Structure formats: C-alpha cells, structure tokens
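Okay, structure first, notes after.
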Amino acid sequence: MLKVYGSKMCPDCIELEKAFESEKVEYEYHDITGDLRELKAFLALRDSNPKFDKAKAKGLIGIPIVQTEDGTLTFKWQDFLKKPVQTSGCSDGVCGVPQK
C-alpha cells in the first residue's frame with residue numbers, strides 16, 4: 001500500500017487527499033504535523049534521502065511525498081491518478097520549487 005507523508009495544513013497535501021479519495025486510491029496517510037512520531041519518522045526519511053535535496057535547498061519541507069511498497073519515493077503523486085489534476089500548485093511535483 002502507498003504511504004503518503006503530508007500535513008492537514010498543507011494545501012497541496014489536501015489536494016492529494018481529495019484526489020486519492022475521489023479515485024479510491026488506497027494509501028496510508030502520515031500527518032507529520034498531527035503526531036510527533038510521524039514527524040520523527042518523516043525527518044529520518046528526509047534527512048537520509050537525496051530525493052529531498054532540492055526541497056531542502058529551497059527551505060521547503062518536501063511534502064506531499066508518496067512512498068511505494070518497494071520504498072521508492074516520489075513527489076509526483078498525480079501519477080497514481082486515472083484523471084490528471086489540473087489545479088495543482090506543484091511544479092514537477094515538488095511544491096514551491098520553481099521549475100527549471
């Protein structure tokens with residue numbers, strides 16, 4: 001099952017939740033601002049994985065991010081949808097990072 005790390009305070013994470021629910025995508029949601037254990041788990045993942053380097057360089061958190069069953073991390077949560085989302089404020093899946 002997919003794991004999603006996000007926050008109930010993040011507009012892009014809320015958008016992901018609505019889209020996944022609408023299309024019945026199965027996932028576990030890990031709210032990093034709602035539970036200290038979830039935050040610690042996310043920070044350990046973030047601090048040990050170069051996938052987050054671009055987000056960290058821009059002073060961003062790096063959410064929402066999806067972790068697949070094989071451990072692969074992706075910011076491109078829209079790839080799990082049948083219908084593309086047109087309203088996302090994300091650029092290349094990394095919210096707040098300008099596209100080059």
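Couple of notes before you dig in:
- Residues satisfying the stated conditions in segment 8-24, i.e. outside any helix (DSSP H, G or I) and surrounded by fewer than 18 Cβ atoms within 10 Å (Cβ to Cβ): 8, 9, 23, 24
- Within segment 45-64, the only residue that satisfies the criterion of being open to solvent by 40 Å² or more (accessible area, probe 1.4 Å), among the aliphatic types (A, V, I, L, M) and part of a helix (DSSP H, G or I) is 57.
- Residues of segment 25-35 that are open to solvent by 60 Å² or more (accessible area, probe 1.4 Å), outside any strand (DSSP E or B) and farther than 15 Å from residue 9 by Cα: 26 alone.
The values are calculated or read from the model by the stated rules, or taken from the named source; none is laboratory data. It should be emphasised that the depicted structure is a prediction, and the values quoted were computed from it without experimental measurement. Cβ sites come from the backbone with ideal geometry, for glycine too, and all protein chains shown count toward neighbours. Ligands, DNA and RNA are stripped out before the accessible areas are found, and what is left, the full protein with its side chains, is counted by its heavy atoms. Shrake-Rupley method; radii C 1.70, N 1.55, O 1.52, S 1.80 Å.
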